[in-house]
Amino acid sequence: MKKIVTRALAVAAAVTMMSGTAYAGDAAVGEKYAGKRCKQCHTWDKGGKKKIGPNLFGVMDRPAGTSEGFKYSKLFVKAADKIGTWEDAELAQYLKDTTKFLRKTSGGKGRSKMTFKVKKGKDQENLIAWLKTIK
Ligand code: HEC
């Protein structure tokens with residue numbers, strides 16, 4: 001009996017890890033990271049201007065690739081329909097290696113215009129938590 005209970009708890013813990021806390025980053029830490037690494041190419045204030053990259057205000061609530069007035073790469077445009085509205089797991093892959101993610105998603109060739117890579121999972125999580133607050 002005891003064994004069964006222990007096992008049930010273990011399963012419950014595993015499920016919690018997969019669904020709830022997998023991308024529970026720290027928005028404040030993400031914001032600091034963004035101030036150092038994303039700012040050179042992005043603004044994120046409402047109606048902010050495009051730089052090398054599009055304005056990121058409300059990016060988690062809008063379909064991918066729809067920042068007004070920004071000309072996305074062909075590869076991005078090809079993938080955008082399939083991405084739809086950004087989900088955590090997609091965005092983590094995107095941040096890790098944007099060209100690789102966009103090629104895989106669209107089946108197309110070419111390159112993303114975003115050359116920056118966020119390699120560490122923890123950094124990706126913090127950035128996603130922060131991006132959700134930008135609206
Ligand atoms: C060297 C410039 C550069 C840096 C640094 C950069 N980006 Fe980008 N980003 C871009 C460009 C350019 C695009 C558009 C990509 C395309 O069209 O292929 C983009 C697109 C995006 C998108 C998709 C926006 C949409 O409208 O769907 C997100 C999200 C994003 N960047 C997040 C970030 C974050 C977070 C960081 C910091 C960790 C970052 N970027 C750093 C240039 C950059």
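The values are calculated or read from the model by the stated rules, or taken from the named source; none is laboratory data. Note that the coordinates shown come from a computational prediction; the quantities given were computed from them, not determined experimentally. Cβ sites come from the backbone with ideal geometry, for glycine too, and all protein chains shown count toward neighbours. Note: accessible area is taken over every heavy atom of the protein model, side chains too, but ligands, DNA and RNA are not part of it. Shrake-Rupley method; radii C 1.70, N 1.55, O 1.52, S 1.80 Å.
A compact table of results
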{"read-out": "Failed item, numbered, when ASN55 is tested on (1) in contact (Cβ under 8 Å) with a residue 24 or more places away in the chain; (2) surrounded by 14 or more Cβ atoms within 10 Å (Cβ to Cβ)", "value": "(1)"}
{"read-out": "Single unsatisfied condition, ALA24 versus (1) at pLDDT 95 or above; (2) open to solvent by 40 Å² or more (accessible area, probe 1.4 Å); (3) touching a helix residue (DSSP H, G or I) at 6+ places or on another chain (Cβ under 9 Å); (4) among the aliphatic types (A, V, I, L, M)", "value": "(1)"}
{"read-out": "Test: residue in the stretch 2-9 that is open to solvent by less than 70 Å² (accessible area, probe 1.4 Å) and modelled with pLDDT under 95", "value": "yes"}
{"read-out": "Verdict on ILE83 being near the ligand (Cβ under 10 Å from one of its atoms), buried (at least 19 other Cβ atoms within 10 Å of the Cβ) and without any contact (Cβ under 8 Å) to a residue 24 or more places away in the chain", "value": "yes"}
{"read-out": "Test for PHE101: is it among the aromatic types (Phe, Trp, Tyr), free of Cβ contacts under 8 Å to residues at least 24 places away in the same chain and within 25 Å of LYS135 (Cβ to Cβ)", "value": "yes"}
{"read-out": "Output for the stretch 105-134, where each listed residue is within 7 Å of the ligand (Cβ to nearest atom) and open to solvent by 50 Å² or more (accessible area, probe 1.4 Å)", "value": "LYS113, THR115, PHE116"}
{"read-out": "Filter result (closer than 12 Å to ILE134 by Cα and not polar (S, T, N, Q)) within the stretch 35-46", "value": "TRP44, ASP45, LYS46"}
{"read-out": "Residue identified as in contact with a Lys or Arg (Cβ under 6 Å, 6 or more places away or on another chain) and of a type in the set (Val, Ile, Thr) among THR98, THR115, THR85, THR105", "value": "THR105"}
